[in-house]
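The values are calculated or read from the model by the stated rules, or taken from the named source; none is laboratory data. A quick note: this is a predicted structure, and the numbers were derived from the prediction, not measured. Because the Cβ atoms are built from the backbone with ideal geometry, glycine has one as well, and the counts that use them run over all protein chains shown. Note: accessible area is taken over every heavy atom of the protein model, side chains too, but ligands, DNA and RNA are not part of it. Shrake-Rupley method; radii C 1.70, N 1.55, O 1.52, S 1.80 Å.
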Amino acid sequence: MGDFGIGQPVPREEDPYLVRGAGRYVDDVKPPGELRAFVLRSPHSHARIRAIDTSNAKAMPGVALVLSGADPEIRKLGAQRPRHKRKRRDGTEGHVSPQPMLAQDHVRYIGDPVALIVAETLNQAKDAAEAIAVDYESLPAVTDLARAVEPGAPAVWPDCPDNQAFLHELGDKATAERAIAQADHVVRHRMVISRLTTNSMEPRGALGEYDARESRTTLRCTTQSPHMLRRILADDILKIPETALRVIAENVGGGFGMKGAFYPEYALVALAAKLLRRPVKWMSDRSEAILSDEHCRDNVSEAELALDKDGRFLALRVRSLGNLGAYHSSDRNAGPPTNNLGVLAGTYVLPAIHVEVTGTMTHTMLTGHYRGAGRPEAAYVLETMVDLAARELRIDPAELRRRNTIPADAMPYKTALVYTYDCGDFGKNLADCLQKSDYDNFETRRQASLARGKLRGIGVSNTVAATNSGLIEHAELRFDPSGTLTLAIGTHDHGQGHGTSFRQIIADRLGIGPEDVRFKYGDTDQVAIGTGTFGSRSTVAGGTALLTAADKIIAKGKKLAAHLMEAAEHDLVFERGTFTVAGTDKSVALAAVARAAFDLKNLPAGLEPGLYESGTFDGGARTFPNGCHVCEVEIDRETGEVEIVRYSAVEDVGHMINPLLVAGQMHGGIVQGIGQALLENIVYDSSGQLITGSFQDYCMPRADDLCAFDLGENEVPTKSNPLGVKGAGESGTVGGLSVSMNAVNDALARIGAPPVAMPATPERVWRAMQSANS
């Protein structure tokens, strides 16, 4: 529809009110009588709680409630458990360790919740927390992933003495082993994938209100998945009907996966509000967030890539440790290291693959989903191995990739590991990006850098991701008697621009302008069902549900329009918001039909009044966004400082609803990949203390750490959903992490320096250069 249909680069509708500070976050809502909550957290990574005395805290001024893990109200609460059954290496049941809402008997990571204090003011709650006497018996701890599986390492749980919660295995082990044994070349490498935390712009928070008349709790919180959170909190924790709980999530200030989790504070706030019959709010501060928000990544992978004498890939074998943290309490922390292993097949013809992942317990904060959730890690392993093979075989890295790329005419292509790619032109991505990056003239730029005392390296990655599938999504379209439309949808908009892109779909399908569409999300009372926003699924799943509802609107509208124009229904054509009798000038607008739907005297016999329909989608098949990235870096030989100096990418995310939003998603995803590659790292010391507990020690990327990104697209629409979209939220990170690390290690390899692990900090890079010079 005009300049607001599918394919138009329309700015996000929420930007103006957000930049004016007019967003509505949890802390912006201040109901009368609000109390403030504070969570006392463990200062130990592992300790036994011998005793806890809260009596002095309860007597402090303004204190309304103090709860510890020993209180019956806490003991009555349930806990999450993994729904996916897993096995250990010996075939026995996998280790499961539910996390209580407040620690009971033991604490197992720095920041483990120990007590909840509720007071009239936050400072009063903090003062009371200092009056709580906890008698801890410190115990040995292990926070390093590799050390956790060594013999004699401290056990996180007595019933899992080797700290190995489960083994997850995929692929054809025998075929991969045989191919590796017979190969002309085998490249082996060990990779450490660092631990991160999200550091969202707005910290987590929750506000609980209890309505005694209805025996019902309303929880406002920072979640990406209101309906999923309601189910977990009602069914598993509070043990109440879902109808007794309403979850509202308005602006959440960035999620990136971390805010898709259930956290103990949400249950504690809901419980406290019910006990006190007053609103109770908890807000995290930045230091608390680094302790208590889900961490992510943290893998150690050992890989072997086998090639023949011509550089053709024969087999890949990967063995990984995945750090789960201190509790294996749900499918959250087991998900990223296991769910997206199919990405290890990449965009290449790779006949045999075998991978095993050991879910490992440590005395650290739980890990969970972060932009890409296993896809960037898998792509990093594969793309690193391709670069190492190119150096060992003395083949240009781009040529080695071209030689092994799955051809477009092979689609659909069944990989050796889980996925069947339905469509894509990986070779064109590579060719287009090499041209865009001026790859052939890199040597000229490298010599110019050398003349300035800088090393220059170039990295290439040609990757594929996979969006979520098989999870329900729901959309509702409701016309009111004035003819305007409300769209309510189960996905959550926390920066993706859904309010804009979904309105574009409506404009394209129904011919209704954005000014006549009210967009609602994030409230379980206003949307019947939903799953949420994560895994690049929202346009695939939510958009398809929306189309289903729109088609039902058209079908019912056509019946009423035919009645209004005294025409046969089959003679009507619907286009650009108008029903027209074919071959005539007789027409009626959809808005007029909607108004007429509420006028009983205008309705044909048997037609239900009103015009409102819903669409529900089962999630459908996976889609496979893919793309090629080329990155160039310069390294200061005196300091080891790395600078990103050129960056190009060509992405295929299927049919783009809004190219401007896609570009924004790509920019953000690339930055988060570069952030992990060069800067970000959660570090615990040998005693289990968190060293990177603030932004003084945890380094976040800033604008001046980056260069301009030159982005292109290669649209190959998928037929697995009616919009032809593949999902754009995570592809940038999938390519960005691997390509920036490849560029750094290419520069080092050119002077004979060993590769560095992420993050490629100046110190690590400088030490690598020194080892080359010694």
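Determine the sum of side-chain charges near Arg750: Lys and Arg each +1, Asp and Glu each -1, restricted to other residues whose C-beta is under 11 angstrom from that of Arg750. Walk me through the numbers on the way to the answer.
Numbers: positive: Arg391, Arg446, Arg456; negative: Glu443, Asp746.
Counting the neighbours of Arg750, the net charge comes to +1.
Normalising by the residue count of region 392-489, find the relative contact order in percent from Cα pairs under 8 Å and 6+ residues apart. It would help to have the intermediate numbers written out before the result.
On the way: 63 pairs, mean separation 15.9, N = 98.
Averaging sequence separation for qualifying contacts and normalising by length gives 16 percent for region 392-489.
Roughly how many whole Å is it from the C-alpha centroid of region 402-475 to that of region 242-321?
Going from one Cα centre to the other spans 28 Å.
Would you mind listing how long region 274-322 runs along its three principal axes, going by Cα atoms, in whole Å with the largest first?
For region 274-322, the Cα extents along the three principal axes come out at 73, 23, 16 Å.
Once the other residues with Cβ under 11 Å from the Cβ of Gly664 are scored (Lys, Arg +1; Asp, Glu -1), what is the net sum? Don't skip to the answer; put the middle values down first.
Working: positive: Arg12; negative: Asp15.
Around Gly664, the charge tally is 0.
Under a cut-off of 22 Å between alpha-carbon atoms, report the lysines in cross-link reach of Lys414, not counting same-chain residues fewer than 8 places apart.
Of all the lysines, those that pass the test against Lys414 - Cα under 22 Å, at least 8 places apart if same chain - are Lys173, Lys428, Lys719, Lys726.
Which of the lysines could be linked to Lys239 by a straight reach, that is with a Cα gap under 24 Å, when you skip same-chain ones fewer than 8 residues away?
Partners found: Lys76, Lys85, Lys259, Lys274, Lys281.
Given contacts defined as C-alpha pairs under 8 Å and at least six residues apart, what's the relative contact order of region 1-137, whole-number percent? Each step should come with its number before you reach the end.
Working: 208 pairs, mean separation 54.1, N = 137.
This gives 39 percent for region 1-137.
Just to confirm, what accessible area per residue do you get for region 487-566 at 1.4 Å probe, in whole Å²?
Numbers: 2210 Å² over 80 residues.
Spelled out: the 1.4 Å probe surface of region 487-566, per residue, equals 28 Å².
Is there a quick way to get the dipole size of the chain? I mean about its Cα centre, with the Cβ of Lys and Arg at +1 and of Asp and Glu at -1; what is the value in debye to the nearest 20? Don't skip to the answer; put the middle values down first.
On the way: 84 positive and 98 negative charges, 201 e Å.
Approximately 960 debye in magnitude.
Given bins 10 angstrom wide, list per bin the percent of all Cα-Cα distances in region 351-506, short to long.
Using 10 Å bins, I get a P(r) of 7, 22, 26, 22, 15, 5, 1, 0 for region 351-506.
Over the chain, what per residue volume does the convex hull of the Cα atoms give, in whole Å³? The partial results should precede the final answer.
Details: hull volume 140.1 nm³, N = 774.
Cα-based convex hull of the chain, divided per residue, equals 181 Å³.
Using +1 at the Cβ of each Lys and Arg and -1 at the Cβ of each Asp and Glu in region 293-413, identify which of Phe313, Gly374, Pro336 lies farthest towards the dipole's positive end.
Towards the positive end, the residue furthest out is Phe313.
Considering the options Ala212, Leu324, Ala451, tell which one lies farthest towards the positive end of the dipole of the chain, charges being +1 on Lys and Arg and -1 on Asp and Glu at the Cβ, about the Cα centre.
Ala212
If the reach is capped at under 14 angstrom between alpha carbons, list the aspartates and glutamates near Lys436, excluding any in the same chain fewer than eight residues apart.
Excluding near neighbours in sequence, the set is Glu632, Glu651, Asp710, Glu713.
On a C-alpha basis, how far is the centre of region 74-147 from the centre of region 184-226 in Å? Whole number, if you could?
First find each Cα centre; the distance between them is then 16 Å.
As I understand it, the dipole of the chain uses +1 on the Cβ of Lys and Arg and -1 on the Cβ of Asp and Glu, about the Cα centre. Which of Pro61, Ala47, Val765 lies farthest toward its positive end?
Result: Ala47.
What is the magnitude of the charge dipole of region 525-587 about its Cα centre, with +1 placed on the Cβ of each Lys and Arg, -1 on the Cβ of each Asp and Glu, and no other charges, expressed in debye to the nearest 20? Please report the intermediate quantities before stating the final value.
Working: 7 positive and 7 negative charges, 38 e Å.
Computed charge dipole of region 525-587: roughly 180 debye.
What list of ³J(HN,Hα) couplings, whole Hz, do you get for region 386-394 from phi and the Karplus terms 6.51, -1.76, 1.60, once you set θ to phi - 60° and write x for glycine and proline?
Each residue of region 386-394 in turn: 5, 5, 5, 5, 4, 5, 5, 8, 6 Hz.
Given the peptides 680-692, 562-574, 266-278, arrange them by the average over their residues of other C-beta atoms within 10 Å, most packed first. Numbers along the way, then the final one.
On the way: 680-692: 17.3, 562-574: 15.0, 266-278: 22.4.
Descending packing order for the listed peptides: 266-278, 680-692, 562-574.
So how long is each side of region 106-165 along the principal axes, counting just the alpha-carbon atoms, biggest first, in Å?
49, 19, 18
Ranked highest first by average number of other Cβ atoms within 10 Å, how do 352-365, 328-341 line up?
On the way: 352-365: 25.6, 328-341: 23.6.
Peptide ranking by packing, descending: 352-365, 328-341.
Which order do the peptides 37-43, 202-208 take when ranked by the mean count of other beta-carbon atoms within 10 Å per residue, highest first? Could the numbers behind the result be given before it?
Working: 37-43: 21.0, 202-208: 23.9.
Ranking, from highest mean packing down: 202-208, 37-43.
Apply the Karplus parameterisation 6.51 cos²θ - 1.76 cosθ + 1.60, with θ equal to phi minus 60°, to every residue of region 621-631 and state each ³J(HN,Hα) to the nearest whole Hz, in sequence, with x for glycine and proline.
Running phi through 6.51 cos²θ - 1.76 cosθ + 1.60 with θ = phi - 60° gives 8, 4, 10, 10, x, 8, x, 10, 10, 10, 10 Hz.
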